[in-house]
Amino acid sequence: MKKVLIVFGTRPEAIKMAPLVKEFEKYPESFDTRVCVTAQHREMLDQVLTFFDVQPQYDLDLMKPGQDLYGLTAAIITELKPVLEDFKPDFVFVHGDTTTTMASSIAGFYSGAKVCHIEAGLRTHNKYAPFPEEINRQITGRVTDFHFSPTEASQENLLRENIDPKSIIVTGNTVIDALLQSVEKVKREPSDLVSDLDKGLNGASLILVTGHRRENHGDGFIRICEALKTIALHRPELEIIYPVHLNPKVLEPVNRILGDINNIQLINPLAYHDFIWMMDRAKIIITDSGGVQEEAPSLGKPVLVMRETTERPEAVDAGTVILVGTDTDKIIRETFALLDDEEHFKEMSSRHNPYGDGKACGRIVRFMRELGEN
Ligand code: UD1
Ligand code: UDP
C-alpha cells in the first residue's frame, strides 16, 4: 500500500488536482490517499472542493486577508510538519507554481517522502514573469522525484536542466480532465445564477474577463482597466462580465475604474461550473490566467492573454491565444480585430487544444501503480 498525500491551496490547483484525487480513490487496495489543503485561498478554494466533492483530511486554514509571500511561505512549511509526521506519506503530490506548491514540495522533501510534481516543466526563464511563479516552479523542480509534464515542450525544458529522463512522464494537463468531466452537465443544467446573468445579457455578445497576476498589480491593472473601459464605451451593444479575483490589489483598481460603466458587470468569483458556463457563453475571453488559456480552446473560444511572456508557448503556437500584455492599445486593437474580422475570429476559434485529451489523471495513477513493481 502506497501512502499518498496530495497538497494544494488555491483555486487553480484545486481544479487541476480534484480529478487526480478521484482517480487515486478508485484504487483503495493500492493507495492510502489523503488530501491536505493549505487554504492559501479560502472562499475560492472551498467553491472548488464543494463542486468536486473533495473532503480534505487536513485543512491548515492559512489564508489571511492581504497576506504576503514571506509569512505564507513560512506558515505552509511549519504547519505541514505535523501533517507529514502524522501520516508519514511515501509520496507528496504538489501542483503547478504557487507558494503552496513550492513550500509544500520543500516540506515533502524534508520529510523524506518522494515529491511528485504535476504540471512540471513550464518555464519562461524570466524570474520576474510570472512572479513569483517562475521561481516557484524552478525550486519545485529541484526537489521533485517524479515530474508529470503536461506537454512535450515542458518535458524538453526539464531535459535541458539535466533532469533524469526516466523521472519525467508526459501526461497532458489535468485541467482538461476536470473540464471534460464537467462540461456536458454544466451546459445541460445551468445554475440560477448564470441563467439570470444570461437573461440580463438580452442576447448581447459577451466578453469574459479575469485577471490577477502579481506582476500586473499597480500600473498593469490600470492599463488593463483603461482598455476594458474604452472597449465597453465604443461598443455599447456588447457586454463585459468580469468576475473579480478577491485579492484587494485587484479589487481596488477594478472597482474604481470600471465600477460605473453600464455594459461592464463586475461580479464575485464564479464557482467553477458557473465559470465554465460563462466561458462557453462568451465570444471572446480576455485573461491573464494560466488555467483559463488552457481550458478556453476546448470550448472553441479565442483568448487574449494579458501577459508579456508566457510559459505556455504551445497555446501561442497552436494559434488559440494571442499575447497582448498590459498594453492598452494592443488589448483594444486585438479585441476589435476579433469582433470585426469574422475570418480571423473563425480561424482562432477552430484551432486544436494542445493541452491534452482528458486522460492525464489516468496516466499519472497508472504510472504510480506500476512504480516499484518491476
Ligand atoms: C495565488 C497564487 C498565483 C495563482 C493564484 C490563482 C502565489 C504567490 N500566488 O495568487 O500563483 O495564479 O493564486 O488565483 O501563490 N483572497 C480572498 N479569498 C480567497 C482567495 C484570495 O480573500 O479565496 C484574497 C486575500 O486577501 C489574500 C489575497 O487575496 O490574502 C491574495 O491571495 P494569494 O493566494 O496570496 O495570492 P493570489 O493573487 O490569489
Ligand atoms: N475560474 C473559476 N471562477 C472564476 C474564474 C476562474 O472557477 O470566476 C477557474 C477557471 O476555470 C480556471 C481557474 O479558475 O480553471 C483559473 O484560476 P486563476 O485564474 O485564479 O489562476 P491561474 O490559472 O492563473 O493560476
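The values are calculated or read from the model by the stated rules, or taken from the named source; none is laboratory data. Here the structure is a predicted model, which means the values were calculated and not measured. Heads up, the Cβs are rebuilt from the backbone with ideal geometry, glycines too, and the neighbour counts pull from every protein chain shown. SASA here: full protein model, heavy atoms, side chains in, ligands and nucleic acids out. Shrake-Rupley method; radii C 1.70, N 1.55, O 1.52, S 1.80 Å.
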request  = Would you tally the residues in the stretch 240-257 being within 16 Å of ligand 2 (Cβ to nearest atom) and in contact (Cβ under 8 Å) with a residue 24 or more places away in the chain?
outcome  = 12
request  = Could you list all residues from the stretch 203-255 that are among the polar types (S, T, N, Q), part of a helix (DSSP H, G or I) and within 16 Å of ligand 1 (Cβ to nearest atom)?
outcome  = 216, 255
key: Where residue 68 falls short, out of the listed (1) away from ligand 2 (no atom under 16 Å from the Cβ); (2) more than 20 Å from residue 181 (Cβ to Cβ); (3) within 21 Å of the chain's Cα centre (by Cα); (4) touching a residue at least 24 places away in the same chain (Cβ under 8 Å)   = (4)
ask   = So, in the stretch 122-150, of the ones that are within 16 Å of ligand 2 (Cβ to nearest atom) and in a loop (DSSP other than H, G, I, E, B), which residue ends up nearest to residue 75 (Cα to Cα)?
value = 132
query = Which of (1) among the β-branched types (Val, Ile, Thr); (2) touching a strand residue (DSSP E or B) at 6+ places or on another chain (Cβ under 7 Å); (3) farther than 30 Å from residue 370 by Cβ does residue 78 not meet, given it meets every other one?
reply = (2)
message = Condition (residue is buried (at least 18 other Cβ atoms within 10 Å of the Cβ), in a strand (DSSP E or B) and modelled with pLDDT of 95 or more) applied to the stretch 305-320: is it met by at least one residue?
response = yes
task = State yes or no: is residue 337 surrounded by fewer than 22 Cβ atoms within 10 Å (Cβ to Cβ) and at pLDDT 95 or above?
result = yes
note = Being of a type in the set (S, T, N, Q) and over 22 Å from residue 355 (Cβ atoms) narrows 144, 73 down to just 73
task = Scan the stretch 6-33 for residues that are open to solvent by 10 Å² or more (accessible area, probe 1.4 Å), more than 16 Å from ligand 2 (Cβ to nearest atom) and either of a type in the set (Val, Ile, Thr) or at pLDDT below 95 (or both) and report the count.
result = 1
ask   = Give me the pairs: first residue in the stretch 18-35 and more than 15 Å from residue 182 (Cβ to Cβ), second residue of a type in the set (Ser, Thr, Tyr) and surrounded by fewer than 22 Cβ atoms within 10 Å (Cβ to Cβ), beta-carbon distance under 9 Å, and six or more apart or on different chains, which are they?
value = 24/30; 33/27; 34/58; 35/58
ask   = With (1) open to solvent by 30 Å² or more (accessible area, probe 1.4 Å); (2) in a helix (DSSP H, G or I) as the list, and residue 190 as the residue in question, which single condition is left unmet?
value = (2)
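Table: residues versus (1) surrounded by 22 or more Cβ atoms within 10 Å (Cβ to Cβ); (2) within 16 Å of residue 316 (Cα to Cα).
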position	(1), (2)
262	no, no
272	yes, no
281	no, no
287	yes, yes
290	yes, yes
294	yes, yes
300	no, yes
